[in-house]
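The values are calculated or read from the model by the stated rules, or taken from the named source; none is laboratory data. These numbers were taken from a predicted model, which means no experiment stands behind them. Glycine also receives a Cβ, built like all others from the backbone with ideal geometry; neighbour counts cover every protein chain displayed. Ligands, DNA and RNA are stripped out before the accessible areas are found, and what is left, the full protein with its side chains, is counted by its heavy atoms. Shrake-Rupley method; radii C 1.70, N 1.55, O 1.52, S 1.80 Å.
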Amino acid sequence: MIAAFIAVVGCLVAPVAVAESSRAEPGSTDRGRSEIRAVGEVHGVAHTASAAIRDLERSDQVRYTVWYPAQTGAKEEPITLGPPGSPLFVVGSAAAQAPVAAGRWPVLLLSHGNGGTARMMGWFGTAMARAGYVVVAVDHPGNNGIDAMTASGSILMWNRVDDLAAAWAAVQADPKLSAHLDAKRLGLAGYSAGGFTALVAAGVKPDMARLAAFCEANPKDGVCAPQLENPEFTFERRMALAAAPQMAPWVAKSGEDRRIPNVRAVFLMAPAIVQAFDPADLAELDVPLSVVVGEADTVASPATNSKVISEANATVKLQVLPAVGHYDFLSDCTDLGRERVGPLCEAKVDRSTTHQTAIDQATSLFAAGL
């Protein structure tokens with residue numbers, strides 16, 4: 001999404017934690033009643049076989065970022081994205097490698113959109129950590145704003161779940177973090193293509209032939225049209241690449257069950273690629289699901305994505321925000337970002353207001369569901 005604009009600064013370091021304590025309860029984010037927690041941030045690398053087919057360098061690595069409740073007194077520093085000294089986006093703040101607050105915290109797995117990054121969604125991740133969750137976010141190989149975008153990374157969207165699963169396994173295996181995880185209280189969150197990822201991780205199987213038929217009939221739909229992040233990938237080119245010999249075996253596995261065990265609630269922001277799912281399968285999703293989307297979203301139109309989910313499953317909570325667009329769920333832009341990045345920074349509604357609405361909705365869902 002922002003590969004041409006963003007250079008994420010900082011080393012990938014080993015996670016840090018402290019002694020185990022009792023189960024911890026997330027706090028409310030309601031203004032005036034919220035428990036203010038410091039937030040820590042660590043980075044790591046996991047491995048999954050499907051990353052190697054999606055990454056330009058054929059690496060099986062998956063970078064991940066973890067935000068978590070930190071011990072009182074942890075010194076937070078601002079998180080920005082962009083060239084050193086010239087940030088384009090303001091993400092939030094966190095204390096690098098700070099000791100984890102005592103307790104066992106529920107966990108959220110977070111998936112970014114097409115061409116995004118874990119840290120681009122840090123506004124959400126740090127807020128949820130401040131509310132009492134451990135948030136594990138990834139940079140999806142071949143489909144992130146740091147590395148080269150690849151055709152396979154843009155086509156094999158269902159394999160993004162492998163990245164979440166690999167990162168989650170790595171975090172659980174880390175002796176410094178594992179003592180602070182309440183692994184039975186697991187939620188999923190995703191933005192745009194990350195919403196598709198979250199649905200697949202929740203157990204909904206995609207039918208890519210269904211999506212192809214939809215796009216043939218609706219070529220101007222925002223999901224079917226070339227994306228701002230990689231405009232060279234037209235629908236016709238994607239179909240041709242998906243049929244190529246090196247891709248066909250992976251495409252043939254698109255409908256496999258990639259459910260991540262123990263997921264208890266799912267939160268989606270402007271979900272995309274929903275036409276890949278049979279409404280009957282969406283209806284069978286049996287965990288609490290909450291969706292927020294902008295009424296002015298022309299990339300993942302509510303009519304062909306978010307509303308399809310809510311119409312298929314009557315238990316879904318759908319909130320449609322007036323005048324909000326697709327990219328309003330990215331981090332806040334600086335003045336320089338608005339000047340250089342253009343469409344990714346355009347907003348008719350204050351982006352911080354949109355973010356807070358999403359945070360409140362997510363917190364309400366996970367407080368009840370986890």
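Look at residue 283 and say whether it is open to solvent by 10 Å² or more (accessible area, probe 1.4 Å) and either within 23 Å of residue 214 (Cα to Cα) or among the polar types (S, T, N, Q) (or both).
So residue 283 fits the description; yes.
State all residues of region 350-370 that are open to solvent by less than 40 Å² (accessible area, probe 1.4 Å) and without any contact (Cβ under 8 Å) to a residue 40 or more places away in the chain; if no residue qualifies, say none.
Of everything in region 350-370, just one residue is open to solvent by less than 40 Å² (accessible area, probe 1.4 Å) and without any contact (Cβ under 8 Å) to a residue 40 or more places away in the chain, namely 351.
Is there a residue in region 300-316 that is in contact (Cβ under 8 Å) with a residue 24 or more places away in the chain, open to solvent by 50 Å² or more (accessible area, probe 1.4 Å), among the polar types (S, T, N, Q) and farther than 23 Å from residue 131 by Cα?
yes
Quick one: how many residues across region 112-124 are in a strand (DSSP E or B) and of a type in the set (S, T, N, Q)?
Going through region 112-124 one residue at a time, the tally reaches 0.
Is it the case that some residue within region 174-185 is touching a Leu at 6+ places or on another chain (Cβ under 8 Å), surrounded by 24 or more Cβ atoms within 10 Å (Cβ to Cβ) and within 16 Å of residue 135 (Cα to Cα)?
No, there is no match, as no residue in region 174-185 is touching a Leu at 6+ places or on another chain (Cβ under 8 Å), surrounded by 24 or more Cβ atoms within 10 Å (Cβ to Cβ) and within 16 Å of residue 135 (Cα to Cα).
Is it fair to say residue 82 is open to solvent by less than 20 Å² (accessible area, probe 1.4 Å) and more than 28 Å from residue 158 (Cβ to Cβ)?
Here the answer is yes, as residue 82 does meet what is asked.
Contact list please: Cβ distance under 7 Å, first residue in region 49-70 and more than 30 Å from residue 104 (Cα to Cα) and in contact (Cβ under 8 Å) with a residue 12 or more places away in the chain, second residue open to solvent by less than 10 Å² (accessible area, probe 1.4 Å) and part of a strand (DSSP E or B), pairs at least six apart or on different chains.
51/62
Residues checked against (1) at pLDDT below 95; (2) under 21 Å from residue 49 (Cα atoms); (3) of a type in the set (Gly, Ala, Ser):
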residue: 162; (1), (2), (3): no, yes, no
residue: 168; (1), (2), (3): no, yes, no
residue: 178; (1), (2), (3): no, no, yes
residue: 182; (1), (2), (3): no, no, no
residue: 188; (1), (2), (3): no, no, no
residue: 191; (1), (2), (3): no, no, no
residue: 198; (1), (2), (3): no, yes, yes
residue: 202; (1), (2), (3): no, yes, yes
residue: 206; (1), (2), (3): no, yes, no
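Checking residue 270 against (1) buried (at least 18 other Cβ atoms within 10 Å of the Cβ); (2) over 18 Å from the mean Cα position of the chain (by Cα); (3) at positive phi; (4) not aromatic (Phe, Trp, Tyr): exactly one of these is not met. Which one?
Against the list (1) buried (at least 18 other Cβ atoms within 10 Å of the Cβ); (2) over 18 Å from the mean Cα position of the chain (by Cα); (3) at positive phi; (4) not aromatic (Phe, Trp, Tyr), residue 270 comes up short only on (2).
Mind checking which residues of region 64-79 are crowded, with 23+ Cβ neighbours inside 10 Å and either over 23 Å from residue 179 (Cβ atoms) or in contact with a Ser or Thr (Cβ under 8 Å, 6 or more places away or on another chain) (or both)? Steps first, answer last, please.
To start, the set of residues in region 64-79 that are crowded, with 23+ Cβ neighbours inside 10 Å comprises 64-70, 79.
Across region 64-79, the qualifying residues are 67, 79.
If you check residue 127 against the conditions, is it more than 19 Å from residue 48 (Cα to Cα), hydrophobic (A, V, I, L, M, F, W, C) and either modelled with pLDDT under 95 or part of a helix (DSSP H, G or I) (or both)?
So residue 127 fits the description; yes.
Do the conditions hold for residue 102, that is, is it open to solvent by 10 Å² or more (accessible area, probe 1.4 Å) and more than 25 Å from residue 356 (Cβ to Cβ)?
yes
Being open to solvent by 40 Å² or more (accessible area, probe 1.4 Å), more than 24 Å from residue 318 (Cβ to Cβ) and part of a helix (DSSP H, G or I) narrows it down to one of 209, 170, so name that one.
209
Check region 242-249 and report whether any residue there is in contact with a helix residue (DSSP H, G or I) (Cβ under 7 Å, 6 or more places away or on another chain) and modelled with pLDDT under 95.
Step one: of region 242-249, the residues in contact with a helix residue (DSSP H, G or I) (Cβ under 7 Å, 6 or more places away or on another chain) are 242, 247.
If we keep only those that are modelled with pLDDT under 95 too, we end up with 242, 247.
Yes, the conditions are met somewhere in region 242-249.
(1) in a loop (DSSP other than H, G, I, E, B); (2) surrounded by fewer than 18 Cβ atoms within 10 Å (Cβ to Cβ); (3) of a type outside the set (D, E, K, R): which one isn't true of residue 149, the others all being true?
If we test residue 149 against (1) in a loop (DSSP other than H, G, I, E, B); (2) surrounded by fewer than 18 Cβ atoms within 10 Å (Cβ to Cβ); (3) of a type outside the set (D, E, K, R), just (2) comes out false.
Which one is modelled with the lowest pLDDT among residues in region 317-342 that are open to solvent by less than 50 Å² (accessible area, probe 1.4 Å) and over 19 Å from the mean Cα position of the chain (by Cα)?
342
Sort out which residues of region 213-248 are over 20 Å from residue 149 (Cα atoms), among the charged types (D, E, K, R) and under 26 Å from the mean Cα position of the chain (by Cα), and write them in order of number.
Residues satisfying the conditions are 220, 221.
Among the candidates 57, 77, which residue alone is of a type in the set (D, E, K, R) and farther than 23 Å from residue 150 by Cα?
Among 57, 77, only 77 is of a type in the set (D, E, K, R) and farther than 23 Å from residue 150 by Cα.
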